[in-house]
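Step one of this worksheet: look at the structure below.
The values are calculated or read from the model by the stated rules, or taken from the named source; none is laboratory data. As the structure is a computational prediction, the values presented were derived from the model and not from experiment. As a convention, Cβ positions derive from the backbone with ideal geometry for all residues, glycine included, and neighbour counts pool all protein chains shown.
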């Protein structure tokens, strides 16, 4: 099978970890007889440096002409980087928001799994971590505060900023359907997270989710307020299966869930459009403090590539093989510094990628 992949290595540790994911994909292609045509393009801070803008039309066109996009982390230190002295529409994250919008990437999937081999790295008490957990957070990605109308202006002599949180029923229904369909393939439970005791947008969100629940009688739907959910994520994460929520709540909760696994360097993500197209990236940031030092954990990028094989290419066996290879390397005791524990062997980013590729 032939597939075209747009590759955005990004900033900071992005080029290092994406290089390891590509190494694993090359091994998959070799073992299973596929050809992956990879086209590298720039986005984020590196694009600002090269072209003066975070997302060029060339990059967008290459992505649109591909079957999927594999991306590393973008951005830099928001305090010291000159990228964050630019107007907001020219900063690295503006390129990512624009890419999501232009590609119609409305559903962000973040699996949060506590690997048995890494329970010692979990930040929670042993009586909680010993139960393990396997949840999938589904975040609406193209609506809400991040895309609503915004302005900053003087009102009666006082500088005032306004950000608009807006959702319509079609946007909510679209992400809700994805959540119920994924839940049907898992443990058949959906937790819909909102702030319906305060926000009109959340009350509409809850209404649409209730309507959808009637179409999926095998799935249990529960509603939860976002502040309570933040508490429950650290109290009893094993209770969650599929969690679906709006853009900003999902952004915050998914990072919290990531850290209770022990390291955000373990967590992949997929951003899906209608049909099979998707963008795949690690959940973590660009970590500019360790960039270029061979210290980064590439597993999140590698598992993101596995999600690409599964969701965009329908290569289930190949995706399983990558995930098994990751588990095998962990079983053998290899660790990058962020997940290192006593008795294990510490390796760098490049070596970890090679070890995983060798076991496919």
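Within the range 106-135, being crowded, with 22+ Cβ neighbours inside 10 Å and under 15 Å from the mean Cα position of the chain (by Cα) holds for 107, 108, 109, 110, 112, 135. Screening 69, 62 for residues that are surrounded by 13 or more Cβ atoms within 10 Å (Cβ to Cβ), part of a helix (DSSP H, G or I) and in contact with a strand residue (DSSP E or B) (Cβ under 8 Å, 6 or more places away or on another chain) leaves exactly one candidate, 62. Hey, any hits in the range 42-58 for a residue that's touching a strand residue (DSSP E or B) at 6+ places or on another chain (Cβ under 7 Å), free of Cβ contacts under 8 Å to residues at least 40 places away in the same chain, more than 16 Å from residue 97 (Cα to Cα) and not in a helix (DSSP H, G or I)? No, the range 42-58 contains no residue that is touching a strand residue (DSSP E or B) at 6+ places or on another chain (Cβ under 7 Å), free of Cβ contacts under 8 Å to residues at least 40 places away in the same chain, more than 16 Å from residue 97 (Cα to Cα) and not in a helix (DSSP H, G or I). Every condition in (1) at pLDDT 95 or above; (2) assigned to a loop (DSSP other than H, G, I, E, B); (3) in contact with a helix residue (DSSP H, G or I) (Cβ under 9 Å, 6 or more places away or on another chain) is met by residue 262 except one, and the failing one is (1). For the range 286-306, filtering for residues that are buried (at least 19 other Cβ atoms within 10 Å of the Cβ), at pLDDT below 95 and over 11 Å from residue 17 (Cβ atoms) leaves 0. For residue 116, state whether it is within 28 Å of residue 59 (Cβ to Cβ) and not assigned by TED's automatic domain parsing to the domain that holds residue 248. Spelling it out, it is not the case that residue 116 is within 28 Å of residue 59 (Cβ to Cβ) and not assigned by TED's automatic domain parsing to the domain that holds residue 248.
For the range 90-106, residues that are touching a helix residue (DSSP H, G or I) at 6+ places or on another chain (Cβ under 8 Å) and outside any helix (DSSP H, G or I) total 3.
A count restricted to the range 74-89 and to residues that are in contact with a helix residue (DSSP H, G or I) (Cβ under 7 Å, 6 or more places away or on another chain) and in a helix (DSSP H, G or I) stands at 2. Within the range 138-151, can one find any residue that is outside the structural domain of residue 89 (by TED's automatic domain parsing), without any contact (Cβ under 8 Å) to a residue 24 or more places away in the chain and within 22 Å of the chain's Cα centre (by Cα)? Within the range 138-151, one or more residues are outside the structural domain of residue 89 (by TED's automatic domain parsing), without any contact (Cβ under 8 Å) to a residue 24 or more places away in the chain and within 22 Å of the chain's Cα centre (by Cα). Please indicate, with yes or no, whether at least one residue in the range 274-297 is touching a strand residue (DSSP E or B) at 6+ places or on another chain (Cβ under 9 Å), part of a helix (DSSP H, G or I) and closer than 29 Å to residue 67 by Cβ. Scanning the range 274-297 turns up no residue that is touching a strand residue (DSSP E or B) at 6+ places or on another chain (Cβ under 9 Å), part of a helix (DSSP H, G or I) and closer than 29 Å to residue 67 by Cβ. Inclusion of residue 269 among residues that are assigned by TED's automatic domain parsing to the domain that holds residue 70, in contact (Cβ under 8 Å) with a residue 12 or more places away in the chain, crowded, with 23+ Cβ neighbours inside 10 Å and assigned to a loop (DSSP other than H, G, I, E, B) is not warranted.
The condition of being touching a helix residue (DSSP H, G or I) at 6+ places or on another chain (Cβ under 8 Å), outside any helix (DSSP H, G or I), closer than 20 Å to residue 251 by Cα and at pLDDT 95 or above holds for only one of 192, 201, that being 192.
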